[in-house]
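I have placed the structure first, in the form of structure tokens, so that the comments after it can refer back to it.
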Amino acid sequence: MTANASTGSAFFASSDPYLGIGLGPHVRAVSFDETGGRMVLKTAFGDEPTLYDHPTGWSDPRFVDLVASWGVDNGVPVATLCEQIGDICPELNEEQVWKKADQLLHELAKVQALQWWYWPDKSSGAPLCHIESGSRLYYTPLEIGAAPEDAEISRFAFVQREGGKTVLENCEIGVRLVLGPQGDGLLAHIFGDPKHGNSMNSGDEGKLVYPGFWHFLWRFGFLQSPSHDSFDRQSWEFHERLFHSRSRSFLDQRMIGGTYRFKDKVPSLPAIKAPMSAHKIALPRPDDNSADAKHKPLSLYDVMDARKSIREPGARPLRLDDLGGFLWRSVSTRKHIKHGTSQDLLERPVPAGGAIHEIEIYLVINRCDGLKPGIYHYQGAEHALYALPAREQVRKAILGVASGATGLGSKLPDSLIVMASRMPRLGWKYQNLCYRLSLLNAGVMMEAFYLVATEMGLSPCATGSGDSALFALATGLGIEHETAIGEFILNGPPIKKSYH
């Protein structure tokens with residue numbers, strides 16, 4: 001969210017007479033902390049039973065009931081809000097009321113507690129559309145100021161029908177604009193001549209297009225400015241960004257995971273395919289029955305044969321020397337190849353497309369002898385960890401998502417390896433296949449993790465889903481620069497070894 005030091009009337013109210021507001025669905029309660037002298041919002045996500053306190057900078061207790069009364073199913077026009085504030089604060093004149101409204105909305109916007117609506121006029125009628133955020137963090141971008149002259153609909157925006165409603169979605173930022181029954185006429189102006197809305201129209205059409213609508217689209221991320229577009233953003237293709245937003249947990253509100261939606265519709269395909277040819281060649285098997293095999297270091301065949309996903313925490317905690325040896329053998333940087341004006345390349349124990357090695361390694365630690373719980377970045381060239389100032393709540397949430405993905409419930413793993421892709425590294429050379437290539441690289445890296453962990457007697461387990469929004473919250477990195485694309489659990493030795 002774009003910060004704005006000003007809390008004057010130019011921030012919200014007078015500049016957006018058609019803007020409506022309401023509490024986000026994650027806000028479950030509003031109260032006032034007498035000790036701290038601040039309004040406090042309690043939030044929870046989905047069916048999560050735990051509520052989290054979010055103190056605001058608002059110090060007037062008279063507004064608690066007003067804010068608590070805002071529902072999530074419809075908005076309140078800003079003009080109506082000002083009338084309500086005038087009733088609460090009869091000592092204020094009209095200008096002061098508008099300023100007070102701006103200050104209140106500014107404080108709530110800073111803690112991302114609001115959802116946004118667009119109304120047909122200043123005080124009456126049903127809202128024409130509203131903004132939804134697909135993120136479990138309910139993050140909605142907020143641009144301050146007028147749209148640039150060359151503003152146009154974002155190339156990441158698209159329209160679809162969903163649940164009987166028309167939805168304009170932006171897969172770049174996980175924001176959706178849902179048109180209400182009275183707002184279908186807005187769609188033609190979005191993709192036809194959208195700036196036509198800069199002039200007030202007369203008649204029935206005037207109920208649908210207002211000077212503020214183009215600014216409403218800009219404010220919530222549906223427009224782009226080609227003259228201000230960055231290389232990092234240009235390196236993402238539309239289909240790659242959409243694929244990313246659709247295939248990552250919590251970036252979107254759609255169902256993800258084991259829903260078995262075709263269970264009662266069609267039979268499952270066989271796990272083993274039928275022969276595709278009548279030409280069969282029998283391959284020999286290596287001799288793994290020698291008497292002294294168990295006294296020797298494990299061969300590659302032994303490691304691959306013993307490899308399995310071990311979800312349960314180990315018999316003992318992970319150790320720092322375990323972690324160091326594991327990272328050195330799997331992903332440490334062995335050589336930095338500089339090519340002058342061309343692209344710098346790396347050599348690691350694992351291969352990567354073009355030797356670009358765009359994947360960065362992060363460690364989310366829960367239980368490791370010799371290392372405090374926290375989130376760390378692994379610097380392969382130095383073979384060192386750098387601690388990140390992540391909040392405890394975020395660390396546990398990341399581990400909790402991984403635990404849920406493996407069916408362990410409340411049991412947290414010793415550590416989680418997060419593979420994050422620096423997409424611009426690939427976008428510099430490649431086009432239209434960067435995300436696919438990064439996923440392939442992550443898959444190769446996961447297999448290396450499995451083999452190294454198995455040979456070392458540790459407990460490895462890849463996870464099939466993760467939360468890129470939590471990673472961004474933990475690292476402060478924007479998705480266009482670097483984003484989590486895969487996760488891997490690493491625990492101490494298993495309770496019962498399945499090899500040696």
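Okay, here's what the table says:
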read-out	value
Cross-link pairs beyond the 32 Å C-alpha cut-off, checked among K42/K265; K42/K411; K265/K411	K42/K265; K265/K411
Cα gyration tensor shape of region 412-500, rounded if a/c is under 1.5, else prolate or oblate by comparing a/b with b/c	oblate
Whether region 406-449 is rounded, prolate or oblate, judged on the alpha carbon gyration tensor where a/c under 1.5 counts as rounded	prolate
Residue order for H244, H239 - accessible surface, 1.4 angstrom probe, largest first	H239, H244
Pairwise label distance in nanometres, S410 with S247, each label 7 Å out on the Cα-Cβ vector	3.5 nm
Whole-Å distance, taken between Cα centres, linking region 36-97 and region 346-365	47 Å
Inter-probe distance in nm under a simple model that places probes 7 Å from Cα toward Cβ, at R28 and N432	4.8 nm
Solvent-accessible surface ranking, highest first, for F238, F216, F45, F243 at 1.4 angstrom	F243, F238, F45, F216
Cα gyration tensor category, rounded, prolate or oblate, for region 27-97 with a/c compared to 1.5	oblate
Cleavage-rule hits, GluC sites (Glu not before Pro), region 72-104, DSSP coil, Cβ neighbours within 10 Å at most 15	E91
For region 297-435, average projected area of the Cα convex hull in nm²	10.9 nm²
Whole-angstrom gap from region 439-500 to region 306-342, using each part's C-alpha centre	10 Å
For C82, solvent-accessible area (1.4 Å; no DNA, RNA or ligand), Å²	10 Å²
Fully extended contour minus Cα-Cα distance, from L187 to F238, at 0.36 nm per residue	16.3 nm
Positive minus negative residues near M445 (Lys, Arg vs Asp, Glu; Cβ under 12 Å)	-3
Under 9 Å, Cβ to Cβ, from I489 - net charge with Lys/Arg +1 and Asp/Glu -1	-1
Angstrom value of the Kirkwood radius, inverse mean 1/r, which spans all Cα pairs in region 57-136	13.6 Å
Estimated FRET transfer efficiency (T80, S299; beta-carbon r; R0 60 Å; 0.05)	0.20
For region 362-443, accessible area per residue (1.4 Å probe, heavy atoms of protein chains only), Å²	46 Å²
Gained length - T341 relative to K396, 0.36 nm times residue gap less alpha-carbon distance	15.5 nm
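The values are calculated or read from the model by the stated rules, or taken from the named source; none is laboratory data. Note that the coordinates shown come from a computational prediction; the quantities given were computed from them, not determined experimentally. Here the Cβ is made from the backbone with ideal geometry for all residues, glycine too, and neighbour counts use every protein chain on show. What goes into the accessible areas is simple: the full protein's heavy atoms, side chains included, and nothing from ligands, DNA or RNA. Shrake-Rupley method; radii C 1.70, N 1.55, O 1.52, S 1.80 Å.
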